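Notes for the one structure printed next.
The values are calculated or read from the model by the stated rules, or taken from the named source; none is laboratory data. Keep in mind that this is a model prediction, so the values were computed, not measured. Note that each Cβ is placed from the backbone with ideal geometry, even for glycine, and that neighbours are counted across all protein chains shown.
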Amino acid sequence: MGLVNHNGELLPSDIPILNIQNRSFRYGDGLFESLRVVDGLVVLLEHHLQRLTTGMNVLKMSADPDRGVAFWKEQILRLCEDNRCLDKARVRLTIYRKDGGHYEPSNADYGYLIEAESNATVFSNPELEGLNIGVFDEILKPINSLGGVKTANSLIYVLAGVVKDQNSMDDMLILNESGKVAEAISSNIFIVKNGQFSTPSLDEGCVAGVTRDWLITKMRANGTTVEETSLSIEDIQLADEVFVTNAIQGVRRVQCFGDSSFDDAFVREVYRFKPELDERSSG
């Protein structure tokens, strides 16, 4: 990663950029989006920006009406071009409240940082081995308006990642305050039972995943029923198939969970959906 975009200025990534008063560093007062760029297309950009706007409203930040889709597209692609990853890139867009105040901020304005690097991950790669997942139950995720957005305070996922590595797992289920399944560490989760697709509803405290939303819409448009509901650990154990989704890896099948192992017949049908194909055909 040669350069980063900090508030519109391209800077070397190896120099100090944020000062110690930065509120994202001090208080986790910020949020972020992870995006893919494919052959000059910022995949599902409008969907990501909708979630970003929702998150800024939740954090009571002042959005700039002049910074719409065209603005962010130009900022992201300019950085990708300079970093020579315009063909396949992984992008992180971080929004942070500007310096000032202690817990109580002194203003609602924001700054931003864009990072872009080459991305070798194949979206919805059916050749990858299925995941072995466990459960992180040391801390339960609260169900509130913060749960649906990707804030800079990600400690529950960090700790789940530590436990994942300690137990030699590939991923971990995150449980909500009711003990139900909310999501995985960096993904939303789906199950298939008797041909019926189900996923935790947003009321269960999961992140409102952009790929989750796009995939549900896509499957329903193709005649597949997808239920947004409440899922228990037992529902995962008794499922026929399980898979997770996020913006970078797309669909990734789960192979086993404890003593349960899963098929992938229905999941393999889902692999064929690619958001960039939809966007290019509609554009």
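Just wondering, is there one or more residues in segment 204-213 that are of a type in the set (Lys, Arg), at pLDDT 95 or above and touching a helix residue (DSSP H, G or I) at 6+ places or on another chain (Cβ under 8 Å)? Among the residues of segment 204-213, not one is of a type in the set (Lys, Arg), at pLDDT 95 or above and touching a helix residue (DSSP H, G or I) at 6+ places or on another chain (Cβ under 8 Å), which makes the answer no.
Quick test for you: out of LEU93, LEU113, LEU159, pick the one residue that is under 20 Å from the mean Cα position of the chain (by Cα) and either assigned by TED's automatic domain parsing to the domain that holds ARG253 or farther than 15 Å from LEU35 by Cβ (or both).
Working: LEU93 fails: either assigned by TED's automatic domain parsing to the domain that holds ARG253 or farther than 15 Å from LEU35 by Cβ (or both); LEU113 fails: either assigned by TED's automatic domain parsing to the domain that holds ARG253 or farther than 15 Å from LEU35 by Cβ (or both).
None of the other options fit; the residue is LEU159.
Listed by position, the helices (runs of 4 or more DSSP H) contained in segment 1-86 that have at least 3 residues being closer than 14 Å to ARG97 by Cβ are 23-27, 45-58. Looking at SER168, SER178, SER124, just one residue is farther than 17 Å from GLY258 by Cα, among the polar types (S, T, N, Q), in the same structural domain as SER230 (by TED's automatic domain parsing) and not in a strand (DSSP E or B), and that residue is SER178. Checked against the criterion of being under 21 Å from VAL58 (Cβ atoms) and either in contact (Cβ under 8 Å) with a residue 60 or more places away in the chain or not small (Gly, Ala, Ser) (or both), segment 79-93 contains one or more residues that satisfy it. Of everything listed in (1) modelled with pLDDT of 95 or more; (2) of a type in the set (S, T, N, Q); (3) closer than 28 Å to PHE32 by Cβ, the single unmet condition for SER282 is (1).
Of the residues that sit in segment 14-52 and are of a type in the set (S, T, N, Q) and surrounded by 14 or more Cβ atoms within 10 Å (Cβ to Cβ), which one is nearest to ASP87 (Cα to Cα)? Checking each candidate, the answer is SER34. Collect the residues in segment 201-240 that are touching a Lys or Arg at 6+ places or on another chain (Cβ under 7 Å) and within 26 Å of SER145 (Cα to Cα), keeping them in residue-number order. Those that are touching a Lys or Arg at 6+ places or on another chain (Cβ under 7 Å) and within 26 Å of SER145 (Cα to Cα): GLU204, GLY205, VAL207, ALA208, VAL210, VAL226, SER230, LEU231, SER232. Quick check, is ILE133 under 14 Å from the mean Cα position of the chain (by Cα), assigned to a strand (DSSP E or B), of a type in the set (A, V, I, L, M) and surrounded by 15 or more Cβ atoms within 10 Å (Cβ to Cβ)? Criteria not met by ILE133.
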